[in-house]
């Protein structure tokens with residue numbers, strides 16, 4: 001689940017802010033972080049990219065035009 005993929009292009013994943021919100025999943029055990037989108041209605045998580053540094057998080061926010069990203073553990 002965590003860290004399977006590096007970056008995908010923005011054409012591969014569609015972000016619908018009315019149905020999804022941006023989230024970073026962080027492992028309590030390893031600290032590994034994965035950015036993606038979580039569906040409001042059923043909680044389904046769509047993994048977008050591995051976050052290895054603050055720069056990766058910035059790239060994620062810029063690519064998908066997201067101002068804030070919630071972190072879940």
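The values are calculated or read from the model by the stated rules, or taken from the named source; none is laboratory data. Note that the structure is predicted; figures quoted are calculated from it, not measured. Cβ atoms come from the backbone with ideal geometry, glycine included; neighbour counts cover every protein chain shown.
General observations
- Matching entry among 6, 11 (being modelled with pLDDT under 95, surrounded by fewer than 17 Cβ atoms within 10 Å (Cβ to Cβ) and under 12 Å from the mean Cα position of the chain (by Cα)): 6
- Members of segment 20-43 that are in contact with a strand residue (DSSP E or B) (Cβ under 7 Å, 6 or more places away or on another chain) and assigned to a loop (DSSP other than H, G, I, E, B): 40
- For residue 52, the conditions (1) touching a helix residue (DSSP H, G or I) at 6+ places or on another chain (Cβ under 9 Å); (2) modelled with pLDDT of 95 or more all hold with the exception of (1).
- Criterion (assigned to a loop (DSSP other than H, G, I, E, B) and either exposed (fewer than 10 other Cβ atoms within 10 Å of the Cβ) or in contact (Cβ under 8 Å) with a residue 12 or more places away in the chain (or both)) met by exactly one of 47, 67, 57: 67
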